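To start, the structure itself, in structure tokens.
The values are calculated or read from the model by the stated rules, or taken from the named source; none is laboratory data. Everything numeric here is computed off the predicted structure, so don't read it as measured data. So basically every Cβ, Gly included, is an ideal-geometry build from the backbone, and we count neighbours across all protein chains shown. Protein only, heavy atoms only, side chains kept; ligands, DNA and RNA dropped before computing areas. Shrake-Rupley method; radii C 1.70, N 1.55, O 1.52, S 1.80 Å.
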Amino acid sequence: MRVTETLISTLREVPAEADIVSHQLLLRSGMLRKVAAGIYTILPLGHRVLLKIEAIIREEMNRAGGIELLMPIIQPAELWQQSGRWDVYGPELFRLKDRHERSFCLGPTHEELFTELVRQEIRSYRQLPLMLYQIQNKYRDERRPRFGLLRGREFIMKDLYSFDIDENGLDASYRKMYAAYNRIFTRCGLDFRVVEADPGAIGGSDTHEFMVMADTGEAEIVFCSACDYAADVEKAPCLVESQTGPRPRPEGTRRRILSSASRTRPGLKECGVQDRAESPDAVEAVLCPVDEARLQPLQRVRTPGTRTVREVAEYLGIPAEQVLKILMYVTDDVPVAVLVRGDRSLNEIKLKNYLQTNVLEIADEEDVAGRFGLPQGFAGPVGLGGRVRLLADNEIKNLSNMVAGANEPDFHYRNVNYGRDYQVEDFADFRLAQEGDICPKCGQPLQLKRGIEIGQLFKLGTKYSKAMGANVLDENGREIPVVMGCYGIGVTRTLAAAVEQWHDQDGIIWPPSIAPYEAVIIPVGQHDSLQADLADDFCRQLTDSGIDSIYDDRSERTGVKFKDADLIGYPVRIVINKDTVTEGLVEIKWRASGAVERIPKDTAAAYLRHKLARD
Ligand code: ATP
Ligand code: MG
């Protein structure tokens with residue numbers, strides 16, 4: 001292929017519309033153009049990348065037993081009404097009416113259509129298991145379409161649905177997809193992690209997300225560097241120190257952590273130390289709740305204008321962790337108030353799962369005054385009983401002598417203690433995991449990183465088959481609902497995530513397996529027709545031997561071509577110069593490492609094939 005025969009238009013300036021690097025580079029390298037917010041044209045270079053990612057996905061889906069088909073994008077409302085999602089999906093669903101006033105939507109996902117297909121076509125357990133998939137456009141009217149292809153309103157997804165007769169079958173299908181996803185993202189050259197996730201609105205039990213690690217990612221992940229545990233912060237369970245007892249610490253940090261552990265947990269005291277058999281000079285703190293005798297008398301104090309935890313902590317000269325934070329929510333039932341430690345964040349997903357409510361909205365000032373009858377910023381658990389459902393994070397039980405709102409403007413209480421001063425309906429895990437929390441698997445401190453979700457696996461169970469009546473006859477001739485799983489990959493998001501992960505100041509560094517072309521050939525003697533002919537021939541020779549190559553035949557300066565080559569991110573740049581004419585040597589520069597090699601033109605194809613496959 002010659003550059004002048006295709007459409008490649010690079011931009012020197014960083015487009016103002018692009019806020020993160022992958023978006024900027026995809027626009028600048030001529031792979032993408034915006035049509036409307038979250039809606040893009042993918043230009044020929046970007047399209048080649050897309051096709052390569054799709055080919056890898058297809059190969060691995062087929063290898064795992066997936067069967068490809070193609071469903072419509074427009075879906076009738078009736079199916080969504082049958083599954084119960086028409087009313088709950090919300091404004092993300094693009095809804096439309098035909099000329100007869102019948103309602104449809106543009107598919108944001110396809111559980112309904114696949115379940116309907118199986119309901120129509122599959123009668124007997126003998127026809128299962130079955131794994132059906134498609135690669136096709138999806139539509140979601142996202143509240144904040146941004147970051148180019150990372151969060152679009154129109155995007156390409158691979159979605160596969162598995163159908164089994166029982167949970168064991170589902171487990172087997174799930175394992176196949178889990179393995180296939182690992183192969184896909186490894187073949188795409190991505191550095192990714194698999195994390196435990198929360199099932200969210202789609203329903204179901206087990207679910208894993210595949211994440212590309214990147215600072216610009218919208219998801220937060222806690223992970224353990226001592227074991228393989230990793231989870232979305234929204235999902236990660238938070239253990240309380242006293243639940244785990246003494247735990248092993250990394251070498252060399254024991255003594256320091258021991259003292260800071262007791263200092264930062266106001267409701268716990270060190271009630272002893274414990275030797276560690278394998279390292280005799282190290283000790284572990286054993287923490288336990290402070291005893292009753294240490295509870296100070298309740299004290300009402302004036303705290304004018306201190307509406308936030310930070311303000312009250314600063315005003316009283318205490319750390320934020322000594323304040324009880326209270327958060328109030330409007331639900332589809334009784335209003336709820338939840339206590340978490342002042343320096344923690346509440347995890348709304350955990351709360352929503354606990355309450356099993358469809359509506360969960362943080363109460364605004366009007367709600368707090370109206371529904372709860374409380375002053376915003378000065379609410380607290382003392383004397384709150386009866387007005388709301390009061391819940392508390394597990395950690396609260398062990399805290400003593402805390403500061404909390406006094407339920408009257410400009411006043412707080414000091415020395416608030418659970419049991420003596422207030423009761424709660426229940427304790428549960430309501431807080432958001434954070435860096436330094438205890439790994440639920442091995443007890444080491446967790447780290448926090450950001451990631452981009454490129455794929456997700458869900459065990460749906462019988463949620464859709466029961467709602468829509470997708471039954472089969474089992475061995476005994478009884479009707480049973482099929483057991484389903486669904487497995488998505490954001491194809492366009494994967495493309496952008498690869499750029500977010502692989503770039504430098506000069507441009508993109510494509511992993512060879514998904515690069516638009518693997519090699520670009522640039523003759524340096526611009527007006528040297530001998531070099532031009534050699535470049536043209538060489539490009540054809542490489543292409544014929546299976547190396548995806550492009551010859552930059554534009555009448556631009558060599559420097560411009562080099563800059564474009566770096567920006568577009570071809571893995572290999574091959575220079576044709578006078579040594580090629582006289583000695584048959586070409587100069588190869590690797591985009592990723594910057595390494596330069598001079599090798600004979602005639603052996604170049606074999607050499608590159610070998611290196612590209614391995615790199
Ligand atoms: P997110 O939490 O990022 O909104 P999701 O969990 O709602 O994504 P799924 O329903 O799991 O998304 O869809 C499967 C895959 O489709 C996701 O893993 C992601 O890669 C991709 N995807 C979802 N929404 C978008 C979007 N707006 N733009 C591009 N890709 C998307
Ligand atoms: Mg998801």
Pairs of alpha carbons in region 517-611 whose separation is greater than 16 Å (percent): 48 percent
Between rounded, prolate and oblate, where does the chain land on the alpha carbon gyration tensor, with a ≥ b ≥ c its root eigenvalues, rounded for a/c under 1.5, else prolate if a/b exceeds b/c? prolate
With every protein chain left in place and a probe of 1.4 Å, what is the accessible surface of K563, to the nearest 10 Å²? 130 Å²
If I model a spin label as a point 7 Å beyond the Cα along the Cα-Cβ vector, how far apart are those points for R300 and D528 in nm? 9.2 nm
Restricting to Cα pairs below 8 Å that are 6+ residues apart, what does the relative contact order work out to for region 119-212? Please round to a whole percent. 20 percent
Rounded to the nearest 500 deg cm²/dmol, what is the calculated helix-only ellipticity per residue at 222 nm for the chain, with -39500 (n - 2.57) per DSSP H run of length n ≥ 4? -8000 deg cm²/dmol
In whole angstrom, note down how far apart the Cα centers of region 387-422 and region 524-541 are. 79 Å
Could you tell me the accessible area of D528 in Å² (1.4 Å probe, neighbours in place), rounded to the nearest ten? 60 Å²
Identify the GluC sites (Glu not before Pro) of region 498-578 meeting these criteria: DSSP loop state and at most 16 other C-beta atoms within 10 Å of the C-beta. E556
Place the peptides 105-113, 590-598 in order of packing, highest mean first, counting for every residue the other Cβ atoms within 10 Å and averaging per peptide. 105-113, 590-598
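What ranking, highest mean first, results for peptides 348-357, 207-216 when packing means the other Cβ atoms within 10 Å averaged over each residue?
Working: 348-357: 17.4, 207-216: 21.7.
Listed from highest to lowest mean packing, they are 207-216, 348-357.
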Got a sec? What order do L495, L7 fall in by accessible area at 1.4 Å, biggest, i.e. largest, first? L7, L495
Net charge of Cβ neighbours under 12 Å - reference R573; Lys, Arg +1; Asp, Glu -1: -3
Output the relative contact order of region 44-173, whole-number percent, from Cα pairs under 8 angstrom with separation of 6+ residues. 24 percent
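Residues with beta-carbon under 11 Å from that of K601, excluding K601: net charge, scoring Lys, Arg +1 and Asp, Glu -1?
Around K601, the surrounding residues sum to -4.
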Per principal axis, descending, Cα span of region 295-428 in whole Å: 40, 30, 24
Radius 9 Å from Cβ of A236, net charge of other residues (Lys, Arg +1; Asp, Glu -1): -3
Loop only per DSSP, at most 13 neighbouring Cβ atoms within 10 Å: give me the GluC sites (Glu not before Pro) in region 12-69, ordered by residue number. E13, E17
Whole-percent carbon and sulfur contribution to the accessible surface of the chain (1.4 Å, no ligands, DNA or RNA) stands at 48 percent
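Fully extended, how many nm does the chain gain between R183 and R12 (0.36 nm per residue separation, minus their Cα-Cα distance)?
Length gained between R183 and R12: 57.9 nm.
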If I fit a long axis through the Cα atoms of helix 529-544 and take the longest principal axis of the Cα atoms of the chain, what angle between them do I get, 0 to 90°, rounded to 10? 60 degrees
Quick shape summary for region 378-512, equivalent ellipsoid via Cα gyration tensor, semi-axes whole Å in descending order, reads 45, 32, 15
Let me make sure I get this right: for region 498-558, a, b and c are the square roots of the gyration tensor eigenvalues over alpha carbons, sorted descending. Under 1.5 in a/c it's rounded, otherwise prolate if a/b > b/c, else oblate. Which is it? oblate
Let me have the relative contact order for the chain, percent, based on Cα pairs under 8 Å that are six or more residues apart. 17 percent
Using a 1.4 angstrom probe, figure out how much accessible area the chain has per residue, in square angstrom, rounded to the nearest whole. 45 Å²
